[in-house]
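The structure under discussion appears below in the form of structure tokens.
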Amino acid sequence: MVNASNPSAVLGIDIGGTGSKGAPVDVATGRLLAGRHVLATPQPATPAAVAETLRQMVAHFGWAGPVGCTLPAIVHDGVTLSAANVDPSWVGAPAQRLLAEAVGLPLVLFNDADAAGSAEARFGAAHGRGGKVLVITLGTGIGSALIVDGRLVANTELGHLRHPGTESAEKSCSARVKTDQNLGWDEYIARLNGYLQYVELLLSPDLIIIGGGISRDHADFLPRLQLRCQVLPAQLQNDAGIVGAAIEAAQALVNPADVGCEHRSAR
């Protein structure tokens, strides 16, 4: 059991389309206070099933303090307005209240990519950077976080941009698509490069950070991308969602008026 009475300790839980992971985080340093605990995301990932996953995560750590949680969905004022790679029953659900009641602890819910972006801005590759920073997470789907002069612009959902030949970019060049379609690096890089060039045209970012599990293999593809702006791998890699959920929850619980705002400090 980790000491949940530590005022800078928050349990971060990152719910993904296929796997869910969590760990207590020292929000002052971004350091995990225990090893990650990983569970399969239930299928179908209904609110009730995900709530049980959260209860198991809390029980694993013997946790009795605040919780930050992510979900691959638009989250506004605690309500989930979309459902990417989770059950459609999340759409319109009072998700933050349901999950907080399930674990019986103070809990704040965030979009998964927004949490990862917040972590990279606070402790990772975007630390101290001004201008426009775009964090793209490549996993089961594609998530995005836009940070402007250190402030997070929530719920950008750029993974759902149309992509040639598919209904959305995440159906063409997510990490899961690379695996499921057994794409070699040449074909995958061509798809990813086309998507990122389009995003670059729309937003003109000063920096793009690539996160998600595939960022571990950044040497295989980042140097071959042809973009105007600088591109860096996420420093926190697959821990970014956990860390970001914890630090955003710590801020929201101290400043409740910030919850659900479209702009929050990522520093």
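The single condition among (1) in contact with a helix residue (DSSP H, G or I) (Cβ under 8 Å, 6 or more places away or on another chain); (2) under 17 Å from N238 (Cβ atoms); (3) open to solvent by 10 Å² or more (accessible area, probe 1.4 Å) that P42 does not meet is (2).
Just checking: which of the strands (runs of 3 or more DSSP E) contained wholly in segment 31-146 hold 2 or more residues that are free of Cβ contacts under 8 Å to residues at least 60 places away in the same chain?
Result: 37-40, 107-111.
Could you run through segment 211-234 and say how many residues are open to solvent by less than 10 Å² (accessible area, probe 1.4 Å) and either touching a Pro at 6+ places or on another chain (Cβ under 6 Å) or more than 21 Å from A119 (Cβ to Cβ) (or both)? Residues that pass the stated criteria total 2.
Among the candidates G124, G78, single out the residue that is within 15 Å of the chain's Cα centre (by Cα) and either among the acidic types (D, E) or buried (at least 18 other Cβ atoms within 10 Å of the Cβ) (or both).
Going through G124, G78 in turn, just one is within 15 Å of the chain's Cα centre (by Cα) and either among the acidic types (D, E) or buried (at least 18 other Cβ atoms within 10 Å of the Cβ) (or both): G124.
Filtering segment 1-27 to residues that are assigned to a loop (DSSP other than H, G, I, E, B) and modelled with pLDDT of 95 or more leaves only V27.
Filter segment 209-248 for residues that are assigned to a strand (DSSP E or B) and of a type outside the set (S, T, N, Q) and give the result.
Start the filter on segment 209-248 by keeping residues that are assigned to a strand (DSSP E or B), which leaves 209-211, 230-233.
Hits for segment 209-248 are I209, I210, G211, V231, L232, P233.
Given the condition within 30 Å of G78 (Cα to Cα), in contact with a Lys or Arg (Cβ under 8 Å, 6 or more places away or on another chain) and among the hydrophobic types (A, V, I, L, M, F, W, C), answer yes or no: does some residue in segment 221-235 qualify? Checked against the condition, which is being within 30 Å of G78 (Cα to Cα), in contact with a Lys or Arg (Cβ under 8 Å, 6 or more places away or on another chain) and among the hydrophobic types (A, V, I, L, M, F, W, C), segment 221-235 yields no hits at all.
One residue alone among A28, A34, A64 is open to solvent by 20 Å² or more (accessible area, probe 1.4 Å) and farther than 25 Å from L236 by Cβ, and that residue is A64.
The values are calculated or read from the model by the stated rules, or taken from the named source; none is laboratory data. As the structure is a computational prediction, the values presented were derived from the model and not from experiment. When we count neighbours, we look across all protein chains shown, and the Cβ atoms used for this are built from the backbone with ideal geometry, even at glycine. Just the protein is used for accessible areas: all its heavy atoms, side chains included, with ligands, DNA and RNA removed. Shrake-Rupley method; radii C 1.70, N 1.55, O 1.52, S 1.80 Å.
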